[in-house]
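Below: the structure, in structure tokens.
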Amino acid sequence: MTGLDVAQLKHCVVDPTLTGLGLGGAAAVNLLTGTALAESRGMYLKQVGGGPALGLWQMEPATHDDCWNNFLRFPVGKRLGGLLEEMLAPDLPRSAQLITNLRYACAMARIRFYRVKEALPGANDPYALSRYHKVHYNTVLGAADPGANAVYFKAALQA
């Protein structure tokens, strides 16, 4: 098994989701597509090994909740919070939808990057995109290797 088709993930999920948020563009689309590949290989819905990360973008519930509690509920994030609310299915808790709702999970990963002060890197530089992912989405202690993961961001560019 190899996971989702990268071009379909990019063009059928990531691009329309980010466009709907008003946070699209080639750099954001390539960053979010590459992040899904680097985090879960576009295949795993729960963290391998039993960790807390969920969905293709492997967001931890604590990170998800922080986005809501410290950004989306405040005036600066309220418009985006309203758009995210519209993406939710009414029958599941929000963090559970990181697994079941591709659009919502992608949008939440974009919100995580949106809160970063550093501008997005160039859309066509897989090494810069991979470094940005490592610094701003993973953690210093996290397992992401920006050199090794550049291959995933290159696949995102080519999709």
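The values are calculated or read from the model by the stated rules, or taken from the named source; none is laboratory data. Note that the structure is predicted; figures quoted are calculated from it, not measured. Note that each Cβ is placed from the backbone with ideal geometry, even for glycine, and that neighbours are counted across all protein chains shown. Please note that ligands, DNA and RNA were not included when accessible areas were found on the heavy atoms of the full protein model with its side chains. Shrake-Rupley method; radii C 1.70, N 1.55, O 1.52, S 1.80 Å.
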Query - Residue identified as open to solvent by 60 Å² or more (accessible area, probe 1.4 Å) and among the hydroxyl-bearing types (Ser, Thr, Tyr) among 104, 114, 132 - result: 114
Requested in this report: Among the residues of segment 82-95, write down those that are small (Gly, Ala, Ser) and either part of a loop (DSSP other than H, G, I, E, B) or surrounded by 17 or more Cβ atoms within 10 Å (Cβ to Cβ) (or both).
Outcome: 89, 95
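Rundown of residues vs (1) of a type in the set (Lys, Arg); (2) closer than 22 Å to residue 6 by Cα; (3) without any contact (Cβ under 8 Å) to a residue 40 or more places away in the chain, yes/no style:
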residue	(1), (2), (3)
70	no, no, yes
77	no, no, yes
83	no, no, no
89	no, no, yes
103	yes, yes, no
106	no, yes, no
**Report entry** Members of segment 104-148 that are of a type in the set (A, V, I, L, M, F, W, C) and part of a loop (DSSP other than H, G, I, E, B)
**Finding:** 116, 119, 120, 123, 140, 141, 143, 144
Requested in this report: Quick one: count up the residues across segment 25-74 that are among the hydroxyl-bearing types (Ser, Thr, Tyr) and over 12 Å from the mean Cα position of the chain (by Cα).
Outcome: 1
Query raised in the report: Only one residue in 110, 94, 103 is touching a His at 6+ places or on another chain (Cβ under 8 Å) and under 22 Å from residue 46 (Cβ atoms), so which one is that?
Result: 94
Report summary line: When segment 69-81 is checked residue by residue, the ones that are within 21 Å of residue 16 (Cα to Cα) and either assigned to a helix (DSSP H, G or I) or hydroxyl-bearing (Ser, Thr, Tyr) (or both) are 72, 78, 79, 80, 81
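Per-residue answers, yes or no, for (1) among the hydrophobic types (A, V, I, L, M, F, W, C); (2) under 14 Å from residue 129 (Cβ atoms); (3) at pLDDT 95 or above; (4) surrounded by fewer than 19 Cβ atoms within 10 Å (Cβ to Cβ):
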{"position": "7", "(1), (2), (3), (4)": "yes, no, yes, yes"}
{"position": "17", "(1), (2), (3), (4)": "no, no, yes, no"}
{"position": "30", "(1), (2), (3), (4)": "no, yes, yes, no"}
{"position": "42", "(1), (2), (3), (4)": "no, no, yes, no"}
{"position": "48", "(1), (2), (3), (4)": "yes, no, no, yes"}
Query raised in the report: Between residues in segment 38-55 that are over 20 Å from residue 94 (Cβ atoms) and of a type in the set (A, V, I, L, M) and residues that are part of a strand (DSSP E or B) and open to solvent by 80 Å² or more (accessible area, probe 1.4 Å), which pairs lie under 7 Å by C-beta distance while being six or more apart or on different chains?
Result: none
Query - Scan of segment 66-80 for residues that are touching a Leu at 6+ places or on another chain (Cβ under 8 Å) and over 18 Å from residue 116 (Cβ atoms), ordered by number - result: 78
Query raised in the report: Of the numbered conditions (1) open to solvent by 40 Å² or more (accessible area, probe 1.4 Å); (2) farther than 24 Å from residue 122 by Cα; (3) at pLDDT 95 or above, residue 22 satisfies every one except a single condition; which is it?
Result: (2)
